[in-house]
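Asker: Starting off with a structure, shown below.
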Amino acid sequence: MLVLMKAGATEAQIREVCRKIEEMGYKAHPIPGATRTAIGITGNQGPVEAALLDDMPGVGECVPVSKPYKLVARELKEEGTIVDLGGGVLVGGNDLVVAAGPCAIESLEQALTIARSVRAAGARLFRGGAYKPRTSPYSFQGLGEEGLRILSEVRSEAGLKIVTEAVDRESLDLVERYADVIQIGARNMQNFSLLKAAGRAKKPVLLKRGLSATLDEFLMAAEYIMAEGNYRIILCERGVRTFADHTRNTLDLSVVPAVHRLSHLPIIVDPSHGTGRREKVLPLSRAAVAVGADGLIIEVHHKPDQALSDGHQSIFPSQFEHLMRDVRQIAPVLGRSIQ
Ligand code: PEP
Ligand code: MN
């Protein structure tokens, strides 16, 4: 259930309703909206006794939630959530945000070279894994904490926000310390203990869709994070497994309007993992923006043939520039822009 406060409800009234909810043995999640605050209730096994809240000062109405997820649902918050990464970088607002960088951090020189080029082309975030979930245990597994130190240097040198993946509890603590956004990868989308830990983290989370996750499973994974109190979540479509073998995965762009309909969370698209092919990254980036994505995350490498991970899907810096030029032209068709 959720409690919709009246438009003019005071802070004290909102606090009082939250206190009452906690007294009933549940957790209260006050989510401010453009016109009114909604309070999500979690932790209840059966129905919540609405009568105890209905008459409280400032309460507009108590409404049952029709979906299995509560906090990520549009029902809780009509307008889209804008995730503020600081320094004027907002995900989910009018501006589209682009993250770009190599699949894996390989060296300071590699990271800085790529960061400077993507920054010049208009990326606001730098991506790059320090912990890599690889199919083979013999493949490059990432530089670990050394990679995170390189990422912080990139932040100060290139002035980009940093997004990087945490693969377990230990790396999560380190990633939270060094990065601006904690990435939870496709393979961990249903690692529920990791999701809960990310929910307790003080940094925003980029949650990638699992390789075979339905939309409900994807949103329930986000719900795990939110239920712990972290409301700053960015969803990411990165392709799902299908019978199609002309691409690495099938980029499910139809999930973008579906997410926007059901949830208030922003969603960005990863056409690099979504297609696995360098030449398909540009057309699918254009399509992602056209379908209404809130941003893109793109793998870029200055020497992709020597990349330690995902070189075949990494585009050259000059191709990234071209991509940014194209999406800047498409965005205004949807009433959006790119800073
Ligand atoms: C990545 O972003 O480099 C990555 C491993 O992505 P995914 O979890 O979507 O495979
Ligand atoms: Mn990759």
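Asker: Mind checking which residues of the range 295-310 are more than 10 Å from ligand 1 (Cβ to nearest atom) and open to solvent by 10 Å² or more (accessible area, probe 1.4 Å)?
Answerer: Across the range 295-310, the qualifying residues are His302, Lys303, Asp305, Gln306, Ala307, Leu308.
Asker: A further question follows. Looking at the range 15-25, can you tell me whether even one residue there is in a loop (DSSP other than H, G, I, E, B) and either closer than 30 Å to Leu296 by Cα or not acidic (Asp, Glu) (or both)?
Answerer: yes
Asker: Which one is farthest from the chain's Cα centre (by Cα), of the residues in the range 182-209 that are in a loop (DSSP other than H, G, I, E, B), farther than 14 Å from Val163 by Cα and near ligand 1 (Cβ under 9 Å from one of its atoms)?
Answerer: Within the range 182-209, the match that is farthest from the chain's Cα centre (by Cα) is Met189.
Asker: For the range 243-252, check the following and say yes or no: at least one residue is touching a Ser or Thr at 6+ places or on another chain (Cβ under 9 Å), buried (at least 23 other Cβ atoms within 10 Å of the Cβ) and either over 19 Å from Leu125 (Cβ atoms) or touching a residue at least 60 places away in the same chain (Cβ under 8 Å) (or both).
Answerer: yes
Asker: Scan the range 162-177 and report the pairs whose first residue is more than 28 Å from Arg116 (Cβ to Cβ) and whose second residue is not in a helix (DSSP H, G or I), with Cβ atoms within less than 9 Å and a gap of 6+ or a chain change.
Answerer: Within 9 Å, the pairs are Asp168/Tyr131; Asp168/Asn191; Leu172/Ala166; Leu172/Ile182; Leu172/Ile184; Leu172/Ala201; Asp173/Ala166; Asp173/Ala201.
Asker: Check Ser212, Ser193 and return the single one that is among the small types (Gly, Ala, Ser) and either under 22 Å from Cys103 (Cβ atoms) or open to solvent by less than 10 Å² (accessible area, probe 1.4 Å) (or both).
Answerer: Matching residue, one of Ser212, Ser193: Ser212.
Asker: So which residues in the range 26-42 are modelled with pLDDT under 95 and outside any strand (DSSP E or B), if there are any at all?
Answerer: If the condition is that a residue be modelled with pLDDT under 95 and outside any strand (DSSP E or B), then Gly33, Ala34, Thr35, Arg36 are the ones that fit.
Asker: Mind checking which residues of the range 285-298 are outside any loop (DSSP other than H, G, I, E, B) and either farther than 19 Å from Leu125 by Cβ or in contact (Cβ under 8 Å) with a residue 60 or more places away in the chain (or both)?
Answerer: Arg286, Ala287, Val289, Ala290, Val291, Gly295, Leu296, Ile297, Ile298
Asker: Exactly one condition in (1) in contact (Cβ under 8 Å) with a residue 40 or more places away in the chain; (2) surrounded by fewer than 17 Cβ atoms within 10 Å (Cβ to Cβ); (3) assigned to a helix (DSSP H, G or I) is not met by Ile150; state its number.
Answerer: Unmet condition: (2).
Asker: So, one more: Of Leu323, Leu282, which residue is surrounded by fewer than 21 Cβ atoms within 10 Å (Cβ to Cβ), touching a residue at least 40 places away in the same chain (Cβ under 8 Å), in the same structural domain as Ile234 (by TED's automatic domain parsing) and more than 16 Å from ligand 2 (Cβ to nearest atom)?
Answerer: Exactly one residue qualifies, and that residue is Leu282.
The values are calculated or read from the model by the stated rules, or taken from the named source; none is laboratory data. Note that the coordinates shown come from a computational prediction; the quantities given were computed from them, not determined experimentally. For neighbour counting, all protein chains shown are included, and Cβ atoms are generated from backbone atoms with ideal geometry for every residue, glycine included. Each accessible area value is taken on the protein alone, full model and side chains, heavy atoms only, with ligands, DNA and RNA left out. Shrake-Rupley method; radii C 1.70, N 1.55, O 1.52, S 1.80 Å.
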